[in-house]
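So the structure is just underneath, and the comments pick up after that.
The values are calculated or read from the model by the stated rules, or taken from the named source; none is laboratory data. Quick caveat, the model's predicted, so the values are computed rather than measured. Cβ sites come from the backbone with ideal geometry, for glycine too, and all protein chains shown count toward neighbours. What goes into the accessible areas is simple: the full protein's heavy atoms, side chains included, and nothing from ligands, DNA or RNA. Shrake-Rupley method; radii C 1.70, N 1.55, O 1.52, S 1.80 Å.
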Amino acid sequence: MRCSVNSRNAKAVKTDLLQLASMLDDRDENVGVNILAQLLDRADELGDLPALLQESADPVVRRRAHQLQSALTMRRRRQDFHARLSAPAPELLPGLEELHMLWFDRDSQTELHETVNAFISEFRRTRITTLEEIEFFMRQKNFLPCHESTIQVENYCIGAILDRRTGAAAILMALACELAGKKQFHLVRVLESFGIADDRGMLLLGNNSWQLCRAPGRENMEFWDNSMLLKYVAATLLSCAVNSDSYRYVMSISQALSGDESEHVFDGFPYPFCSSGEDEE
C-alpha cells in the first residue's frame, strides 16, 4: 500500500518527490528513515508537501510527516542563527531567542517571543539612564546573576532566565546594556566577570550579586559586541551538550555555529562524536 497526496494540492511538487513520499507508509523503520533523509536532501523543492502529508489518513505517514517538518524547522533555525552571526552587527535579542529554541526545541516560539517582549516593555517603562537605575531595577525584579563557572543550560537560555529570574551574568548584563542604550553603556569582561561600564567611569558587575564600583582603566577591560556574546552563549551551550553526551544537541549547535549541515561538522570532535583514529585506518 502506498500513501497518496491530493494531486490538485500537490501540483507544484515534482513527480519524483511525490513518488518518493508515497513510500513513507512502509512499515520498515529503516526504509522510513532513508526516505526522510532523501526528502531532507531536497528541502528546497518540497514546498507544501510536508503539510499535505500531515493530512494523510495513515498514522505512520502522519508521524513521519511531522518528523520531516520538525527536521526542516530545526534546520531553518540553525541556518537563521548562522546567518545572524555572519551579519556585520547581529541583533542580540532575536539571536538569544534562536539559541533558546535550538535547545528547548519543543517550546512555543510565539510564547517565547511574548515573554521576551514583556520583559522589554517592563524594562523600558522605567526609562533607565544610569547604572544605579539598572542595578535598582534588577534587584527590584529579583534577577540574580550567576557566576560564569555555573554552567547550566537554564542559565544561558533566555526563556528560562526570564521565567526563573536567574541566569548567567553575561546575558543579564547584555540585556540591560542593550535595552538601556548602547551610547552610554558598554558590555565588558573584567576581573573574570561580565559587567556594564558607563562613560562616567563606573562599573556594574554581576557575580552572584549586583556590585557597583569604579571601573578600572579601559586597558583592563575587554569590550564585547553582540556577535561575541552570541558566539560565547552558543559555545557554552555546546559545552553543556558535550558534557551531557547529547549527540543531537552537539550536532545541532555545531551546525548552527559553523553553517555546515553535514556530519563532517564532527570531524574536529573527539570520540565518540566522530570515528576513532583506529576506525579511519
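Brief remarks follow.
A quick yes/no check of all residues on (1) of a type in the set (Val, Ile, Thr); (2) touching a residue at least 24 places away in the same chain (Cβ under 8 Å); (3) out of contact with any Lys or Arg (no Cβ under 6 Å at 6 or more places or on another chain):
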site	(1), (2), (3)
MET101	no, yes, no
PHE104	no, yes, yes
ASN117	no, no, yes
ILE120	yes, yes, yes
THR126	yes, no, yes
ILE134	yes, yes, yes
ARG139	no, yes, yes
LEU144	no, yes, yes
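- Breaking point among (1) part of a helix (DSSP H, G or I); (2) within 23 Å of LEU112 (Cα to Cα); (3) open to solvent by 60 Å² or more (accessible area, probe 1.4 Å), for ILE151: (1)
- Counting the residues of segment 77-129 that are crowded, with 16+ Cβ neighbours inside 10 Å and closer than 23 Å to ALA197 by Cβ gives 8.
- Test for GLU55: is it over 27 Å from SER262 (Cβ atoms), open to solvent by less than 50 Å² (accessible area, probe 1.4 Å), among the acidic types (Asp, Glu) and modelled with pLDDT under 95: no
- Residues that are more than 15 Å from ALA256 (Cβ to Cβ) and either within 13 Å of the chain's Cα centre (by Cα) or not hydrophobic (A, V, I, L, M, F, W, C) (or both), drawn from segment 84-104: PRO88, GLU91, LEU92, LEU93
- Residue within segment 84-99 that is under 19 Å from ARG248 (Cβ atoms), of a type outside the set (Gly, Ala, Ser) and out of contact with any strand residue (DSSP E or B) (no Cβ under 6 Å at 6 or more places or on another chain) present: yes
- Hey, SER86 modelled with pLDDT of 85 or more, farther than 30 Å from LEU229 by Cα and among the hydroxyl-bearing types (Ser, Thr, Tyr) or not: no
- If the condition is being open to solvent by 20 Å² or more (accessible area, probe 1.4 Å) and touching a Cys at 6+ places or on another chain (Cβ under 7 Å), then segment 154-178 contributes only THR166.
- The set of residues from segment 105-138 being assigned to a helix (DSSP H, G or I), over 26 Å from the mean Cα position of the chain (by Cα) and not aliphatic (A, V, I, L, M) comprises GLU132, GLU133, GLU135, PHE136, PHE137.
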